[in-house]
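Reading through the C-alpha cells given below for one structure.
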Amino acid sequence: MPTDAAFAFSRPPESRSLRLALAGLAALWLISLPLACLPGPFPLGAGEVFQTLAVSLGLSDAPVDASRLLVVGQIRLARVCLAALCGGALAVAGVALQGVLRNPLADPFTLGISAGAACGASMAIALGGGLAVWFGLSQAGLVAPAALAGALLALCGALWLGRGRGDFSRESVILAGIAVAAFLGALVALVKALNEESVTSIVFWILGSLQGRGWDSLPLLLGTFAPGLLAVGLGWRALDVLSLGDEQAAQLGLNVGRARFWFLAGASCMTAGCVAVAGVIGFVGLVVPHVLRLLLGPGHGPLLTGAFFGGGVLLIWADVLARSVLGGGQELPVGVVTALLGGPFFALLVRSR
C-alpha cells in the first residue's frame with residue numbers, strides 16, 4: 001500500500017454500526033432543515049414557523065399571514081436548502097478529490113476552482129453595469145453566472161494543463177491547479193487595484209455568504225451539482241481501487257487516467273456551482289471527509305453518502321450562526337464561520353493523529 005494513501009485506511013466499522021451511523025447522519029440532516037428555519041431577525045415562535053413550513057410545502061391549508069410565508073417559506077427555507085446542498089456537494093467533492101489524488105490535504109479548491117469563480121465574479125462586479133445591460137440582467141443577477149463561467153473555465157484550464165502527455169497524473173494535476181489559481185488570483189488583485197470602488201463587494205463575495213440567496217439560485221446550483229454528483233457517486237468502487245495506487249489499480253483493469261478525469265471533472269463541477277451561488281466557503285470539503293473516515297471507515301460508498309449529509313448539516317448550522325451572532329440584521333460571512341470552526345478542529349485532528 002502506498003504511504004500517501006495510508007491516511008484513507010482505518011479499521012472498517014461493523015456493518016450494523018455503519019448502517020446506524022448513516023441513518024443517524026440522515027436523521028440529523030432531516031431534523032436540521034426545519035430547525036434551522038427558527039432563528040432570524042424577524043421574531044417568530046416555533047409553532048408559527050412549523051405551521052408556515054407545512055403550508056409552504058403543501059402539507060396544510062391553514063390560513064397564514066403573507067409576511068410569514070415570505071420570511072419562512074421564501075427566505076429562510078430557501079437559504080437552509082441551499083446551505084444543505086452546498087455543504088453536501090463540497091464534502092462529497094472533498095472525498096472524491098482526496099481519494100483520486102491520494103492527498104489528505106486535497107479539497108474542492110485544489111484545481112483553482114475558487115480562484116476562477118472569484119475572477120469571474122470580480123469581473124462582473126467591477127464591469128457589471130455595461131455587461132448587465134448587454135445581457136439584459138441586473139448587475140447582482142450577473143455575478144453568479146459569471147462566477148460559474150469563471151470556475152468552469154479554470155477547471156478546463158487545469159485539466160488541459162494537467163493532462164500532460166495524455167494522462168492525468170496526480171502530480172501534474174495538482175501543479176496545474178496551483179498554477180491556474182496563482183494566475184487567476186493575480187487577475188483578481190489587478191481588478192481590485194484598478195477598480196477600488198468594487199473592492200468591498202469583491203472581498204465580501206470571496207469570503208462566502210448565503211445572504212440574499214433564494215429559490216432562484218437553485219437551478220444554477222443543480223445544473224452543475226446533479227451531473228457532478230452522478231459522475232462521482234456512480235464510480236465509488238473505482239475510488240476504492242484508486243486508493244490502492246495507480247499500478248495496482250491498472251493491474252485490476254481500471255483505466256486510471258479516464259477514471260481520474262471523471263472524478264476531477266465531477267468534483268469540480270459540484271464545487272463550481274456552490275461557489276457561484278455562495279462564494280468561497282472553505283474547510284467543509286477538507287474537514288468533513290476526515291471526520292467521517294473515523295466514523296464510517298475508508299469505504300467510499302458509505303463515505304460519499306455520509307459526506308453529503310454531514311457536509312449539509314455543518315453548513316446549515318454554520319449559516320445559522322453567521323446570521324444569528326450579530327444583531328440588527330447584520331451577518332457574518334459564512335466562509336469566515338467555517339474557517340473559524342474548521343481551522344482549529346482540523347489542526348487538533350492532525351495533531352492527535
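The values are calculated or read from the model by the stated rules, or taken from the named source; none is laboratory data. Only a predicted model underlies this, so the values are computations on that prediction, with no experimental measurement involved. Here the Cβ positions follow ideal geometry from the backbone for every residue, glycine too, while neighbour counts run over all protein chains shown. Calculation scope for accessible area: heavy atoms of the full protein, side chains included, ligands and nucleic acids excluded. Shrake-Rupley method; radii C 1.70, N 1.55, O 1.52, S 1.80 Å.
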Show log10 I(q)/I(0) for region 248-353 at q = 0.18, 0.21 Å⁻¹, two decimals, from a solvent-free Debye sum over equal Cα scatterers. -1.03, -1.22
Enumerate the calculated ³J(HN,Hα) couplings along region 234-250 in order (Karplus 6.51 cos²θ - 1.76 cosθ + 1.60, θ = phi - 60°), each rounded to whole Hz, writing x wherever the residue is Gly or Pro. 6, x, 4, 5, 5, 5, 4, 5, 4, 5, 7, x, 4, 5, 5, 5, 5
List the Cys residues of the chain that have no partner Cys with a C-beta closer than 4.7 Å. 37, 81, 119, 156, 269
Over the residues of region 186-250, compute the C-alpha Rg and express it relative to 2.2 N^0.38 Å. 1.83
Nearest 500 deg cm²/dmol is fine: what mean residue ellipticity at 222 nm does the chain get from its DSSP H runs of n ≥ 4 alone, each adding -39,500 (n - 2.57), divided by its residue count? -23500 deg cm²/dmol
Whole-percent carbon and sulfur share, accessible surface of the chain, 1.4 Å: 68
For region 235-288, the spread of Cα positions along each principal axis, largest first, Å: 41, 21, 14
For a Förster distance of 51 Å, can you work out the FRET efficiency between the beta-carbons of residue 237 and residue 196, rounded to the nearest 0.05? 0.50
Distance in Å, no decimals, from the C-alpha centre of region 83-100 to the one of region 302-353 is 14
Projected area averaged over orientations for region 146-271, convex hull of C-alpha atoms, nm²: 9.3
Over region 262-305, what lengths in whole Å, largest first, do the semi-axes of the equivalent ellipsoid take, defined as the square roots of 5 times the eigenvalues of the alpha-carbon gyration tensor? 22, 14, 7
Suppose all protein chains stay in the model; what accessible area per residue would a 1.4 Å probe give for the chain, in Å²? 46
Using a Förster distance of 51 Å, how high is the FRET efficiency between residue 69 and residue 251, based on the Cβ-Cβ distance and rounded to 0.05? 0.30
Rounded to whole Å and sorted largest first, what semi-axes of the equivalent ellipsoid does the C-alpha gyration tensor of region 44-106 yield via the square root of 5 times each eigenvalue? 38, 10, 8
Per-residue accessible area for residue 31 at 1.4 Å probe radius, Å² rounded to 10? 90
Of the GluC sites (Glu not before Pro) in region 158-219, which ones lie in a loop per DSSP and count no more than 14 other C-beta atoms within 10 Å? none
Using square roots of five times the C-alpha gyration tensor eigenvalues, list the equivalent-ellipsoid semi-axes of the chain in whole Å, biggest first. 33, 27, 17
